[in-house]
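Please read the structure below before turning to the comments.
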Amino acid sequence: MDQLDQAILSNGAAAYVGYASSIDPDMRYLTRFQTTDPVLFLKRPGERGLVVVSQMEYARAASESTFSPLTRGEAGLFTHWKDPSDRWAAMAAAIAGLAKGDVLVPPSFPIALARGLESHCRVIVDDGTIQRLRAVKVPGEVQEIRSVQRANEAAMAAAIGLIRAAEVRDGLLVLGGEALTAERVRAECHVTLLAHGCRAADTIVACGEQSALPHLRGTGPLAADEPIVIDIFPEDELSGYFADMTRTVVKGEPSPEVRSMFVAVRDAKALALSRIRAGASGAEVHQAVVDHFAAQGYATEGQAGFTHNLGHGVGLEVHELPTLGPVGGPLEAGNVVTVEPGLYLPGVGGVRLEDMGLVTADGFENFTRFDEELVL
C-alpha cells in the first residue's frame, strides 16, 4: 500500500480527489498528464487512479497518463449538468458517484467544488501527502533534473559571456556600442534555454545596490566594479522539472568588501555541502552557515547579512520540500536540494552562490559543474 493510499484510509476517506491543470505540481506528479485546462483526478485505495477529460483529450490521456482516462460522459457529469450555472454542483455529484464515500482533497482544491461536495459527503483537507512524496525523487526524476541543470549552465555561460565580452566606459559595461543591461543579459539566458527545450521567467540579473535585495529581478545598465548576481531557475517544457543555480561576478575590480563577502559565501557553501547527507537536519545545516558567517563578522541584522534560508527542494516546483532553514527537518536520500548561502549589505551589494544536487545516504552528489569565478 503506497503512502497516498495510507493517507486516504488514515483520514477515513474513500478517495483522494483533485481538480487542476498540469500547472499544479501535485496533479502533474500523480497523473503524469500535461494539460492547460483543469481536469478531475481521483484515486481510491488499491485501485488505479482515474482522470476525467474531454472527449478530445481521451486518446492522449490514455497514452500519456498513469491514471485511467474517463470521458466526462462516462464519469456521469452530463447526467447532472443540465444548466451552465450547475457546473460545480454537477461536478460534485459526479465525484460523489466515483468516490463512493468521503473524499480527501489538497489544500488548493476549489472552494466552490468543495462546498458542492459537502452536500454528498465529508470533505477532508490533506496535510501535504503529495508534497512529501514529491520530495523524494526516483532515478528518472533525478535524470530529468540533471538534464535541466545542463541547460541552466549553458544559459549561465551565455550570460557571463556577454559580461566578459563587454568593455568598460565611464563606469558602465558596453557591448556592441550600447550599454549592456540586465534586460539584455536576461534575454540571452532565456533564448539559450529555449534552444535547450526549457523556459524561464523572472531570471535575476541584479547589479550593485540592486543585488543587495535577494530576489530583486534587476533592471537597467550593468556597472563595472560592482557585483552582478545571476540566478536562473528554468523549467523543462516537456517534463515540467526545474533546476536552480546562482553565480555572482564582477567585471572590473571588486571592492575589498565584495571580495571578502565572496570568500565567506564560497566557504559557507563548501561547509554546507560537506554536512548534507540523509538524516542530517536542514535546520542544523542552515545554522552551521549562520554561525560561519557570524564568525566572519557577518551577523544578520535586519536586511543586512544572511537573510534567507540556506536552500530548498527542487522538482516539479522550483521551491518545494525539503527545507534547509530554521524549521528544516531531517533530509532523506533522494531529496534534490539547493545550497545557496548569500550575504547582502545595503550600500555595498550582494553575493550569492547556489549549487543543486542529490542527498544520498552518505553525502551530497552535486549536479552543478559551473565555475565559481568572481572577477571577469
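The values are calculated or read from the model by the stated rules, or taken from the named source; none is laboratory data. Model, not experiment: these values are computed from the prediction. Reconstructed Cβ throughout: ideal geometry from the backbone, glycine too, with neighbour counts over all protein chains shown.
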- Task: Would you check which residues across the range 132-149 are touching a helix residue (DSSP H, G or I) at 6+ places or on another chain (Cβ under 8 Å) and buried (at least 20 other Cβ atoms within 10 Å of the Cβ) and list them?
- Result: 134, 137
- Note on the structure: The condition from (1) within 24 Å of residue 207 (Cα to Cα); (2) surrounded by fewer than 22 Cβ atoms within 10 Å (Cβ to Cβ) that residue 277 misses is numbered (1)
- Message: Looking only at the range 6-23, count every residue that is surrounded by fewer than 19 Cβ atoms within 10 Å (Cβ to Cβ) and touching a strand residue (DSSP E or B) at 6+ places or on another chain (Cβ under 9 Å) and tell me the total.
- Response: 3
- Can you find a residue in the range 61-72 that is in a helix (DSSP H, G or I) and either of a type in the set (D, E, K, R) or touching a Lys or Arg at 6+ places or on another chain (Cβ under 7 Å) (or both)? yes
- Task: Kindly indicate the residue of the range 332-374 that is aliphatic (A, V, I, L, M) and surrounded by fewer than 16 Cβ atoms within 10 Å (Cβ to Cβ) and also nearest to the chain's Cα centre (by Cα) among those meeting that condition.
- Result: 333
- Item | residue 101 touching a residue at least 40 places away in the same chain (Cβ under 8 Å), touching a Leu at 6+ places or on another chain (Cβ under 9 Å) and either over 21 Å from residue 131 (Cα atoms) or not in a helix (DSSP H, G or I) (or both) | no
- Message: Based on this model, can you work out whether residue 318 counts as out of contact with any helix residue (DSSP H, G or I) (no Cβ under 7 Å at 6 or more places or on another chain) and either among the aromatic types (Phe, Trp, Tyr) or without any contact (Cβ under 8 Å) to a residue 24 or more places away in the chain (or both)?
- Response: no
- Could you check, for the range 324-338, whether at least one of its residues is among the polar types (S, T, N, Q), part of a strand (DSSP E or B) and within 25 Å of residue 249 (Cα to Cα)? yes
- When both residues are 6+ apart or on different chains and their Cβ atoms are under 9 Å apart, which pairs have a first residue that lies in the range 9-25 and is outside the structural domain of residue 241 (by TED's automatic domain parsing), and a second that is of a type in the set (Ser, Thr, Tyr) and surrounded by 22 or more Cβ atoms within 10 Å (Cβ to Cβ)? 18/31; 22/31
- Only one of 216, 222 is without any contact (Cβ under 8 Å) to a residue 24 or more places away in the chain and in contact with a strand residue (DSSP E or B) (Cβ under 8 Å, 6 or more places away or on another chain); which? 216
- Output yes when any residue across the range 234-255 is modelled with pLDDT of 95 or more, more than 23 Å from the chain's Cα centre (by Cα) and closer than 30 Å to residue 335 by Cα, and no when none is. yes
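Given the residues 310, 374, 316, 343, which is the only one that is touching a Pro at 6+ places or on another chain (Cβ under 8 Å) and closer than 22 Å to residue 226 by Cα?
It is 374.
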- Message: Here's a check for you: in the range 43-74, which residue that is without any contact (Cβ under 8 Å) to a residue 24 or more places away in the chain and β-branched (Val, Ile, Thr) is surrounded by the fewest Cβ atoms within 10 Å (Cβ to Cβ)?
- Response: 71
